[in-house]
1. Please sort by residue number the chymotrypsin sites (Phe, Trp or Tyr not before Pro) in region 10-117 whose DSSP state is loop and whose Cβ has at most 15 other Cβ atoms within 10 Å.
2. Suppose R0 equals 22 Å. What FRET efficiency, 1/(1 + (r/R0)^6) with r the Cβ-Cβ distance, do Ala15 and Ala108 give to the nearest 0.05?
3. For every helix of n ≥ 4 consecutive DSSP H residues, a contribution of -39,500 (n - 2.57) applies; sum these over the chain, divide by its total residues, and give [θ] at 222 nm rounded to the nearest 500 deg cm²/dmol.
4. With each pseudo-label sitting 7 Å past Cα toward Cβ, what's the Arg47-Glu59 distance in nm, one decimal?
5. Tell me, what % of the accessible area of region 46-118 is carbon and sulfur with a 1.4 angstrom probe?
6. Write out the trypsin sites (Lys or Arg not before Pro) in region 89-118 meeting two conditions: DSSP loop, and at most 15 other Cβ atoms within 10 Å of their Cβ.
7. Please say if region 8-118 is rounded, prolate or oblate, where rounded means a/c under 1.5 for a ≥ b ≥ c the square roots of the C-alpha gyration tensor eigenvalues, and otherwise the choice is prolate for a/b larger than b/c and oblate otherwise?
8. Any chance you could run the full-extension gain for Glu101 through Thr84? It's 0.36 nm times the residue separation minus the Cα-Cα distance, nm to one decimal.
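The values are calculated or read from the model by the stated rules, or taken from the named source; none is laboratory data. All of these numbers come straight from a predicted model, not from anything done at the bench. Here the Cβ is made from the backbone with ideal geometry for all residues, glycine too, and neighbour counts use every protein chain on show. Accessible surface is based on the protein model in full, side chains and every heavy atom, while ligands, DNA and RNA are left aside. Shrake-Rupley method; radii C 1.70, N 1.55, O 1.52, S 1.80 Å.
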Amino acid sequence: LDGGWRIYSSGPGIALALINECLLGMRLGHATIELDPVMPAALSGLRARMPINGHGDIEFEYRLGRRGCGVVALEMGGSPLSFTRGKNPYRDGPALVSLAEFNARRAAGARSLVIQTG
């Protein structure tokens, strides 16, 4: 369940999954958060607020470069957030953030994540 909607079987659930995973590029794994937005550069400045892992809302701010994809930098709570690069055969792969580090930042009071793309 994601936000009360069954992702696999309902229209609203499928729509939420498409927005979260394809447009906003956010996928939650067991040990990582994958960030891989693909959107037009005209949407630079977009802000989205959503709950992550049941611990309250995080505000995502997208600062999009010309290509609108390929994360080049992350900032959480006002300081850089480290990530590794996943694989994608066609473009820059997703940013993989340690869920442990993400949760530690949240515990320290961080409530925003800035995503900068190329």
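1. Those that pass, being in a loop and sparsely packed, are Tyr90.
2. Result of the calculation: an efficiency of 0.10.
3. For the chain, the value works out to -3500 deg cm²/dmol.
4. It is 0.3 nm.
5. On the way: 1940 of 3850 Å².
For region 46-118, the apolar C and S fraction of the accessible surface comes to 50 percent.
6. Answer by residue number: Arg91, Arg111.
7. Since a/c stays below 1.5, the shape of region 8-118 is classed as rounded.
8. Details: separation 17, 0.36 × 17 = 6.12 nm, distance 1.25 nm.
Stretched fully, the Glu101-Thr84 segment lengthens by 4.9 nm.
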